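For reference, the structure discussed in these notes is given below.
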Amino acid sequence: MLKFCWETEFKETEIGEIPRDWEVRKIKEFYDLKYGITVSSSDYGNCRLLRQTDVKEGFIDISSIPYALCEIDKISKYLLIEDDLVISRIANVGSVGYVNATILKAMDKPLVFGSYLLKFEKKREINNKFTFYFLSSPQLQNYIRSIAEGSTRQNTNAKVVGEFPLFLPPIPEQSRIATVLSWFDDLIEVKKKQNEILEKTAMAIFKSWFIDFEPFKDEEFVYNEELGREIPKGWEVDKTTRLIEYNPSITMKKGEIYPFIEMKDVKTNSLLCEPNFKQFSGSGVRYYGGDTLMARITPSLEHGKTAFIWFISEKEKGFGSTEFFVLHPKESYLKEFVYLLAKNDDFREIAINSMSGTSGRQRADINALKNYNIPIPPPHILQSFHSLVEPLFQKIILNQKQITTLRKIRDTLLPLLVFGKLRVEEL
């Protein structure tokens with residue numbers, strides 16, 4: 001039985017009140033802080049390399065973790081195992097990541113941590129998951145940022161992190177707090193996994209229909225010279241502009257608040273993203289609900305960063321960074337088709353091959369996408385495809401709304417629990 005109570009007796013600390021029976025200690029009393037390995041990321045190697053950029057707002061983004069070639073005798077020194085805790089010490093200083101079984105299961109090679117991360121190694125009994133949530137709290141994140149060294153590029157080191165305060169309830173209460181907050185994180189992970197499976201299913205259907213033509217195998221096929229292959233009779237081959245309007249011209253009012261998307265809001269392994277809201281200044285690409293945003297810069301394009309605009313209706317407007325192309329379906333029933341086309345490897349390869357510009361900041365040429373020829377079936381087939389995959393997208397959107405709600409509840413509970421204002425008496 002889950003039982004909470006409100007705490008009434010507190011003592012003051014440098015960053016807030018905590019219960020009188022809790023301890024105020026320092027990180028270094030419970031942990032040794034270890035620097036990560038200095039090695040370059042790669043497209044191949046005998047390890048996976050966790051970098052500070054893979055640790056984002058309290059979670060580890062497994063989709064972006066690269067390979068690295070590590071000396072065999074150094075792997076064990078920098079190896080990450082279940083229940084390990086890391087913190088970023090450069091740039092996005094203070095971002096913490098917790099290594100769970102799901103992350104390790106997704107790795108095809110040993111996972112090591114890079115030089116811009118510090119790993120917490122226990123010296124005394126403490127619940128790592130509680131420490132993770134404590135360091136993730138807004139109060140601690142603000143505290144960490146306030147003492148980070150460097151004016152242009154914030155950074156910290158093991159000595160500084162070792163001096164961070166650590167507010168500790170008894171071990172059993174640490175465990176109860178970590179368990180309650182983990183319930184929310186576990187539910188969020190289940191929903192995210194469902195969405196990943198649903199999107200893969202939608203992509204498999206897309207490839208079956210429009211690349212392999214499997215539902216039409218019994219129909220007559222004709223050879224098309226432009227594509228160099230046979231396609232179902234009655235289908236046409238035309239440029240994508242037949243179905244898609246790129247970077248549509250949309251009238252918006254300067255100074256008014258609209259949903260805004262930038263590259264960091266788009267996750268590599270998810271079709272959905274959460275917008276910010278800001279005033280429109282007159283610059284940036286513009287979109288409607290149901291449009292697709294496709295990365296046009298390195299390395300985001302190579303990583304397949306593509307987002308489906310689900311959080312507003314098809315008549316509502318928003319804007320985003322010029323690091324995106326906007327793909328606006330010319331018919332409402334095309335919106336899932338357009339997104340899946342943009343996610344398809346062949347389409348993305350066209351964009352990648354068109355890139356030009358300085359190293360590390362190359363941009364794709366929109367004309368390469370506009371002039372790309374695709375097989376286009378009769379409208380009734382596209383409408384049938386829409387009817388088949390739309391429920392998958394709707395379930396993904398429903399899951400995302402539930403994820404947003406779960407995150408809000410967790411984020412409300414987290415500071416109350418780790419600062420002892422709300423006590424977990426029983427589970």
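Within segment 378-401, at least one residue is over 30 Å from Q194 (Cα atoms), at pLDDT 95 or above and in contact with a Gly (Cβ under 8 Å, 6 or more places away or on another chain). Residue selection: N142 fails the criterion of being surrounded by fewer than 21 Cβ atoms within 10 Å (Cβ to Cβ) and under 23 Å from G36 (Cβ atoms). Selection of segment 321-350 for residues being modelled with pLDDT of 95 or more, of a type outside the set (A, V, I, L, M) and either assigned to a helix (DSSP H, G or I) or touching an Asp or Glu at 6+ places or on another chain (Cβ under 8 Å) (or both) yields H328, P329, K330, S332, Y333, K335, E336, F337, Y339.
Within segment 289-320, being free of Cβ contacts under 8 Å to residues at least 40 places away in the same chain and assigned to a strand (DSSP E or B) holds for L293, A295. Being acidic (D, E), surrounded by 18 or more Cβ atoms within 10 Å (Cβ to Cβ), in contact (Cβ under 8 Å) with a residue 24 or more places away in the chain and over 30 Å from G16 (Cβ atoms) is a property that holds for E323. The residues of segment 42-51 that are surrounded by fewer than 16 Cβ atoms within 10 Å (Cβ to Cβ) and assigned to a strand (DSSP E or B) amount to a single one, S42.
Residues checked against (1) closer than 30 Å to E331 by Cα; (2) touching a Pro at 6+ places or on another chain (Cβ under 6 Å); (3) assigned to a helix (DSSP H, G or I); (4) assigned by TED's automatic domain parsing to the domain that holds N276:
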{"position": "F385", "(1), (2), (3), (4)": "yes, no, yes, no"}
{"position": "L392", "(1), (2), (3), (4)": "yes, no, yes, no"}
{"position": "L398", "(1), (2), (3), (4)": "yes, no, yes, no"}
{"position": "T404", "(1), (2), (3), (4)": "yes, no, yes, no"}
{"position": "D411", "(1), (2), (3), (4)": "no, no, yes, no"}
{"position": "L417", "(1), (2), (3), (4)": "no, no, yes, no"}
{"position": "V424", "(1), (2), (3), (4)": "no, no, no, no"}
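In segment 150-163, the residues that are on the phi > 0 side of the Ramachandran plot reach residues that are modelled with pLDDT of 70 or more with C-beta atoms within less than 9 angstrom, at least six apart or across chains, in these pairs: G150/I90; G150/V93; G150/T156. Scanning segment 104-127 for residues that are surrounded by fewer than 19 Cβ atoms within 10 Å (Cβ to Cβ) and of a type outside the set (A, V, I, L, M) yields a count of 10. Restricting attention to segment 61-95, the residues that are of a type in the set (V, I, T) and modelled with pLDDT of 90 or more total 6.
Taken over segment 264-301, the criterion of being within 14 Å of the chain's Cα centre (by Cα) and charged (D, E, K, R) is satisfied by K264, D265, K267, E274.
Listed by first and then second residue, the pairs linking a residue in segment 19-35 that is without any contact (Cβ under 8 Å) to a residue 12 or more places away in the chain to a residue that is part of a strand (DSSP E or B), with Cβ atoms under 6 Å apart and 6 or more places separating them unless they lie on different chains, are R20/K11. Checking each residue in segment 33-52 for being under 10 Å from Y116 (Cα atoms) and among the hydrophobic types (A, V, I, L, M, F, W, C) picks out I37, L50. The residues of segment 89-103 that are buried (at least 20 other Cβ atoms within 10 Å of the Cβ) and farther than 15 Å from F134 by Cα, listed by number, are R89, V93, V99, I103. Among the residues examined, I403 does not qualify as buried (at least 19 other Cβ atoms within 10 Å of the Cβ) and closer than 15 Å to L341 by Cα.
The values are calculated or read from the model by the stated rules, or taken from the named source; none is laboratory data. Remember, predicted model here, so these are calculated numbers, not experimental data. Cβ coordinates were reconstructed from backbone atoms using ideal geometry, including for glycine residues, and neighbour counts include every protein chain displayed.
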